[in-house]
Amino acid sequence: MKPMGPIPSWATGEEEMLLIGGCGAESLVDEAGDTPLFVYDMDIVAAQVRRFREAMPAALHLHYAVKANPYAPLLARMAHQVDGFDIASGGELEMALESGMAPDRISFAGPGKRNDELSAAIFAGVTINLESEGEARRALAVAEAIGKTPRLAVRVNPDFDLKGSGMRMGGGAKPFGVDADRAGALARMVIDAGASWQGWHIFAGSQNLDAAAIIETQAATIALAARLSDEVGATPPLVNLGGGFGIPYFPGDVPLDIRSIGMALDTALEERPDILRGSDFAIELGRWLVGEAGVYLTRVIDVKVSQGETFVVVDGGLHHQLAASGNFGTVVRRNYPIAVANRFGSQPIADPVTVVGCLCTPIDRLGDKVALPSVEEGDLIAIFQAGAYGASASPAAFLGHPAPREVLLG
Ligand SMILES: *Cc1c(COP(=O)(O)O)cnc(C)c1O
């Protein structure tokens with residue numbers, strides 16, 4: 001047996017049927033038409049937003065990183081829950097604008113923005129988080145060509161990283177942002193060129209469950225923003241402090257203590273250097289907001305035995321939920337929380353089973369030697385923590401299976 005990540009605390013069952021947003025998993029599948037199905041519960045997202053607002057300084061802006069889950073009905077609801085969207089492509093720009101979020105609350109980061117993407121974003125009045133000097137020159141030229149004053153922020157590659165992050169995005173040589181020692185000069189250049197300078201974007205890491213590491217990084221980020229602003233000789237309108245708040249996916253993971261982060265940030269902002277007195281501050285989060293609100297439901301097609309080991313074969317797989325197979329941002333494969341949705345709360349049997357997807361590749365493993373109740377053909381498997389980096393972060397075209405269905409509750 002291999003352990004699995006913790007089943008989220010919201011999950012309950014009624015007569016052994018997993019309830020999501022108060023509805024039985026099997027009836028949700030009925031309504032949606034078929035499996036595989038992603039179910040997202042907006043009430044869980046809204047509760048996370050409330051938890052954030054309660055824990056954090058009142059003036060802090062909360063941004064949603066659209067790449068975590070760009071499902072249109074969810075985005076339309078998120079537009080009313082958060083203060084801004086962070087996007088990373090021209091496609092996400094279209095989705096963000098369609099959601100109803102005001103363009104001046106959208107910022108566009110990401111390396112390799114093409115001129116047509118820059119043009120569409122500047123035309124719409126969206127802020128560009130500049131990733132390089134070359135991109136700054138192209139953004140200024142594109143803005144000139146369409147006769148608009150561009151809103152430009154400088155993304156900084158910080159000279160530190162967020163310790164213990166699942167994915168490091170700062171510290172050392174990186175394709176993201178401009179090295180801290182050249183960021184001040186770049187901001188000065190865009191101001192002198194007549195652009196509307198929007199401030200700094202400093203993102204140091206992702207999927208972190210260590211509050212102390214996040215607190216330390218936020219303090220370093222504020223200090224860096226102050227140092228760079230002094231260099232420029234101007235107060236940045238906005239300092240985007242990044243994010244990195246993680247959620248528990250794996251055995252032993254403990255939810256992040258965001259109250260202690262909020263208290264430390266409150267103090268850090270109270271005591272911030274004078275040059276940042278007039279600045280707004282933002283945190284951008286993806287998975288922490290939506291990850292726990294999603295469940296992937298997939299039907300058991302076959303149960304088979306090979307050399308004494310039981311394989312449960314489902315109609316979904318890594319083409320929808322790559323992360324649960326261990327092939328998205330993790331080094332060692334570990335088990336996501338997983339359950340038999342129609343036997344929820346039943347005792348597991350002694351022999352563990354391996355849950356595999358329907359793709360003809362050995363990496364399509366959704367649960368490795370997990371303890372589950374006795375599983376039969378037709379049962380419904382639930383994989384939790386599937387609200388972020390699921391449907392949109394998986395190779396849907398691989399092997400030509402149908403796309404997953406998605407539904408938003410709440
Ligand atoms: C991916 C990304 C995020 C979101 O990360 P999460 O781990 O989902 O919170 C935020 N900001 C930037 C710049 C990113 O690239």
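Placing a pseudo-label 7 Å from each Cα along the Cα-to-Cβ vector at A59 and M1 gives an inter-label distance of 5.3 nm.
Rounded to the nearest 20, the Cβ-based charge dipole of segment 261-410 about its Cα centre (Lys and Arg +1, Asp and Glu -1) stands at 320 debye. Subtracting the Cα-Cα distance of E94 and D302 from their residue separation scaled by 0.36 nm leaves 70.8 nm.
Candidate cross-link partners of K163 among the aspartates and glutamates, defined by an alpha-carbon separation under 19 Å and a same-chain spacing of 8 or more, comprise D179, D210, E216, D253, D257, E284. Going toward the positive end of the dipole of the chain, with +1 on Lys and Arg Cβ and -1 on Asp and Glu Cβ, which of Y249, I20, I383 do you reach last? It is Y249, whose Cα lies furthest towards the positive end. Of the DSSP beta bridges with both residues in the chain, give the percent that are antiparallel, rounding to the nearest 5. Percent antiparallel among DSSP bridges in the chain is about 40. Taking a ≥ b ≥ c as the square roots of the eigenvalues of the alpha-carbon gyration tensor, segment 70-285 is classed oblate because a/c is 1.5 or more while a/b is no larger than b/c.
Quick check of the Kirkwood formula: for the chain, what is the inverse mean of 1/r over all pairs of different Cα atoms, in Å?
Numbers: mean 1/r = 0.0449 Å⁻¹.
Answer for the chain: a Kirkwood hydrodynamic radius of 22.3 Å.
For segment 70-285, give me the percentage of DSSP beta bridges that are antiparallel, rounded to the nearest 5 percent. DSSP beta bridges in segment 70-285 are roughly 10 percent antiparallel. Rank A195, L289, S99 by how far each Cα sits towards the positive end of the charge dipole of the chain (+1 on Lys, Arg Cβ; -1 on Asp, Glu Cβ) and give me just the farthest. It is A195, whose Cα lies furthest towards the positive end.
When you restrict to C-alpha pairs under 8 Å that are six or more residues apart and normalise by the size of the chain, the relative contact order lands at 23 percent. The packing ranking, built from the mean of other Cβ atoms within 10 Å per residue, places the peptides 37-45, 342-350 in the order 37-45, 342-350, highest first. To the nearest 10 degrees, how steep is helix 115-124 against the longest Cα principal axis of the chain, on a 0 to 90 scale? So the helix axis and the longest Cα principal axis differ by about 80 degrees. Considering helices alone, the calculated mean residue ellipticity of the chain at 222 nm is -9000 deg cm²/dmol, with DSSP H runs of length four and up weighted by -39500 (n - 2.57) and normalised per residue. The residue list A58, G33, A47 was ranked by how far each Cα lies along the charge dipole of the chain toward its positive end, using unit charges on Cβ atoms, and A58 comes out on top.
Please report the relative contact order for segment 70-285, taking Cα pairs under 8 Å with a sequence separation of at least 6, and give it as a percent rounded to a whole number. Let's see the in-between values first.
Details: 421 pairs, mean separation 33.0, N = 216.
Rounded, it is 15 percent for segment 70-285.
Which of G357, G24, G316 moves the most in a Gaussian network model of the chain with Cα springs under 10 Å? Greatest mean-square fluctuation among the candidates belongs to G24.
Between I363 and A141, full extension at 0.36 nm per residue minus the direct alpha carbon distance yields a gain of 75.3 nm.
Return the Rg/Rh ratio of segment 305-410 with Cα-based radii and a Kirkwood Rh.
Numbers: Rg = 13.6 Å, Rh = 14.4 Å.
Reported Rg/Rh (Cα atoms, Kirkwood Rh): 0.95.
Rounded to whole numbers, the Karplus 3J(HN,Hα) couplings from phi for segment 332-345 are 10, 6, 10, 7, 5, x, 9, 8, 8, 5, 8, 9, 5, x Hz, using 6.51 cos²θ - 1.76 cosθ + 1.60 with θ = phi - 60°, and x at Gly and Pro. A cut-off under 12 angstrom between Cβ atoms defines the neighbours of S89, and their net charge, with Lys, Arg +1 and Asp, Glu -1, is -2.
When the chain is treated as a GNM with alpha-carbon contacts under 10 Å, the residue of G172, G317, G199 showing the greatest mean-square fluctuation is G172. When +1 charges are put on Lys and Arg Cβ atoms and -1 charges on Asp and Glu Cβ atoms, the dipole computed for the chain relative to its Cα centre reaches about 820 debye. For segment 101-199, a simple Cβ point-charge model (Lys and Arg +1, Asp and Glu -1, everything else neutral) yields a dipole of about 160 debye relative to the Cα centre.
Applying a 10 Å radius around every beta-carbon, put 221-227, 329-335, 381-387 in order of their mean neighbour count, most first. Intermediate results must be reported in sequence, preceding the final value.
Working: 221-227: 20.6, 329-335: 13.6, 381-387: 27.0.
For the peptides 221-227, 329-335, 381-387, the packing ranking is 381-387, 221-227, 329-335.
Rounded to the nearest 0.05, the FRET efficiency derived from the C-beta distance between E270 and C23 at R0 = 41 Å is 0.35.
Just so you know, all these numbers are worked out from the coordinates, no wet-lab data involved. None of these values were measured; they are calculated from a predicted model. Don't worry about glycine lacking a Cβ; one is built from the backbone with ideal geometry, like all the others, and counts go over all protein chains shown.
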